[in-house]
Amino acid sequence: MSNVSVRSVDAVPAPLLRAGKFLFDWIPLVILTVLWEYASGTAVPAEILPPPTRVVGEIQELIVSGEVYSHLFTSLFRIGVGLGLSIAVGVLLGIGMARLDPVEDFFEVLLALTYPIPKTALVPLAILWLGVGTETAVLIVFLACLLPIVLNAYNAAENVDKNLVWAAKMMGTDGRQLFRKVVIPATIPEILTGVRQAIPIAFIALVSAELIASDKGIGYLILTAGQVGNYPTMFANIVIISAVAFFAVRGYEILRERVLVWT
Amino acid sequence: MTERTLDGHVSISNLEKVYDDGAERTTAIKDLSFDIEGGEFASIVGPSGCGKSTLLYLVAGFLDETSGSIEVDGDPIDGPGTDRGVVFQDYALFPWRTVMENVTYGLEEQGYTKEERRSRAQKYIDMMDLSGFEDNYPKELSGGMKQRVGLARTLAYDPKILLMDEPFGALDQPLRESLQDQLIDIWGDLDKTVVFVTHDVEEAVYLSDTVMVMTRHPGTKKNVTKVDLDRSQTREAIITSNEFTETKNDVWKSLREETQPEVQP
Ligand SMILES: Nc1ncnc2c1ncn2[C@@H]1O[C@H](COP(=O)(O)OP(=O)(O)O)[C@@H](O)[C@H]1O
Ligand SMILES: [Mg+2]
């Protein structure tokens with residue numbers, strides 16, 4: 001059975017195969033959308049579950065009126081700054097922990113203890129310190145993204161092939177140079193994997209933070225639309241931020257492939 | 001001095017290496033003394049786990065001895081140095097560097113200009129029959145090619161002592177033989193001391209002036225056999241000669257005693 005299907009798949013031209021796979025990948029989403037369209041107004045009242053057709057119309061309106069852009073920009077800015085900070089701090093911390101025992105001892109317990117805390121639980125506290133707005137959102141994104149980045153960098157730096165370090169040393173590399181010429185390049189693939197894991201986390205953390213309290217951003221639009229019972233707008237904003245997150249991950253993956261030609 | 005002596009004299013005395021990972025102490029090398037003349041080709045054979053790699057890495061300066069000493073041309077070694085070059089069993093190429101960039105690494109560290117680096121590296125890339133692969137990454141190469149890149153990388157920065165850890169172990173017979181012959185040529189041309197670890201007795205005898213057999217774990221020197229072959233002959237003439245066969249059998253028997261201790265009287 002499986003042999004037969006493999007052989008028949010081989011006979012199909014590659015572009016057709018890719019197109020087929022693409023369609024197949026999107027089937028669940030299509031089914032979900034069709035069910036949603038059907039359920040809206042029958043199983044569930046359309047007021048609380050607006051049909052996809054209405055949501056799409058609403059998205060169009062948000063885009064045409066330009067209302068969504070400044071909020072989207074604010075959200076992306078917060079994600080960018082929070083993620084950027086977590087990469088800078090996380091890579092240094094992760095590699096530092098792997099190379100220096102005191103750093104490891106100092107942060108190991110702290111990280112283990114703070115790991116299971118949902119970072120959005122800190123929003124009320126962050127608001128107390130930083131007020132409602134960008135600073136709080138950035139802090140939450142930063143904290144939520146820090147761990148996957150630290151852990152990946154730490155693991156990678158712990159497991160740098162000893163022979164590569166030796167090879168560099170025998171050719172005269174030492175100290176800081178060893179870091180730059182061997183440890184960093186050897187850990188880059190895993191650091192980039194950590195960033196890949198952090199991107200969706202950044203979106204989740206940001207929208208959650210903005211939902212709890214904010215003055216601007218996509219989370220703010222979702223919250224205010226929900227509060228006044230404008231569910232089509234609420235859904236439209238959820239779809240917009242999901243799509244943006246999806247393309248952010250895809251774009252990042254393409255970029256990563258380009259950078260890591262040697263893996 | 002009237003007699004011509006080459007640099008690269010390695011003198012190992014009363015060497016001991018104990019691995020201590022906190023929980024367990026493993027004596028890998030015990031009471032080993034061995035002298036390798038400058039320009040000599042010395043092979044080390046011994047059963048698996050007897051400490052051959054450990055010995056090589058001690059000479060390379062990657063590991064610190066527990067007691068005893070290793071001197072190169074009369075000076076105790078102090079960590080890794082560019083006077084010694086290792087060819088690793090698993091190649092240890094930098095995966096993020098192309099073939100050319102791997103081979104120029106050592107020259108980069110020694111401060112050569114870019115043009116000098118490239119022209120020097122190209123010589124060894126050509127010597128190792130890697131022309132056309134300068135811009136490939138290690139992942140794109142076969143095992144035999146990777147090992148040739150490893151050899152080119154080490155030869156390029158011109159260490160006077162080559163330390164080779166079962167470098168041809170993973171290669172098929174024809175490639176192995178061709179690299180063996182290339183190595184003999186290089187050694188003859190470049191006046192290097194070679195310390196060559198292998199588990200292949202024929203390879204050891206074919207290549208070396210001296211073969212040291214090590215005892216099984218914990219490893220120490222069992223015996224040293226001098227090989228006296230006329231290297232101007234062809235491979236076929238050498239390996240079919242009585243001298244070669246007898247030496248090979250002696251070494252093989254001696255090694256056999258270590259790998260099969262239970263049949264000893
Ligand atoms: N890093 C290490 N820590 C502890 N024991 C080791 C380590 N490296 C090697 N050994 C032990 O030392 C002995 C010699 O190992 P090795 O030098 O690799 O032998 P060989 O190269 O002859 O096969 C073995 O018993 C091995 O288990
Ligand atoms: Mg070994």
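Coordinate-derived values only; no laboratory data. Source: prediction; values computed, not measured. For neighbour counting, all protein chains shown are included, and Cβ atoms are generated from backbone atoms with ideal geometry for every residue, glycine included.
List of remarks:
- For chain A, modelled as a GNM whose springs connect Cα atoms under 10 angstrom apart, the maximal fluctuation among A:PHE22, A:PHE179, A:PHE203 occurs at A:PHE22.
- Fully extended contour minus Cα-Cα distance, from A:VAL34 to A:ASP174, at 0.36 nm per residue: 44.2 nm
- Computed about its Cα centre, the charge dipole of chain B is approximately 400 debye, with only Lys, Arg, Asp and Glu carrying charge at their Cβ.
- Estimated 222 nm signal from helices in chain B, with DSSP H stretches of n ≥ 4 weighted -39500 (n - 2.57), rounded to 500: -11000 deg cm²/dmol
- Prolate/oblate/rounded call for chain A, Cα gyration tensor, a/c under 1.5 rounded: oblate
- For region B:1-105, a crude dipole built from +1 on the beta carbon of Lys and Arg and -1 on the beta carbon of Asp and Glu, taken about the Cα centre, is about 400 debye to the nearest 20.
- For residues of B:133-140, the mean tally of beta carbons on other chains within 10 Å: 1
- Whichever aspartates and glutamates have a C-alpha closer than 18 Å to that of B:LYS226, once near sequence neighbours (fewer than 8 apart) are set aside: B:ASP35, B:GLU37, B:GLU40, B:ASP200, B:GLU202, B:GLU203, B:ASP209, B:GLU243, B:GLU246, B:ASP250
- Greater than 26 Å apart at Cα, pairs in A:LYS162/B:LYS17; A:LYS162/B:LYS123; A:LYS181/B:LYS139; B:LYS123/B:LYS221: A:LYS162/B:LYS123; B:LYS123/B:LYS221
- Global form of region B:158-259, assessed from the alpha-carbon gyration tensor, a/c cut-off 1.5: oblate
- Extension reserve of the A:ASP161-A:ALA19 stretch, reckoned as 0.36 nm per residue once the Cα distance is removed: 47.1 nm
- The label point for A:ILE27 and the one for B:ASP78, both projected 7 Å from the Cα toward the Cβ, are 7.1 nm apart.
- In chain A, the calculated helix contribution to ellipticity at 222 nm averages -27000 deg cm²/dmol per residue, counting -39,500 (n - 2.57) for every DSSP H run with n ≥ 4.
- Shape of region B:107-164, Cα gyration tensor, a/c cut at 1.5: oblate
- The trypsin sites (Lys or Arg not before Pro) found in region B:1-72 that occupy coil by DSSP, while having at most 10 further C-beta atoms within 10 Å, are B:ARG4.
- For B:VAL87, distant residues with modelled amide H under 5 Å away: B:LEU163, B:MET164, B:ASP165
- If you run the Gaussian network model on chain B, springs between alpha carbon atoms under 10 Å, then out of B:TYR91, B:TYR206, B:TYR19 the most flexible one is B:TYR19.
- In region B:93-158, Cα pairs under 8 Å separated by at least six residues give a relative contact order of 50 percent.
- Positive-end ranking of B:VAL103, B:LEU151, B:GLN122 along the dipole of region B:93-158, with charges on Cβ about the Cα centre, is headed by B:LEU151.
- Separation of region B:124-143 and region B:83-117, taken as the distance between their Cα centroids, equals 13 angstrom.
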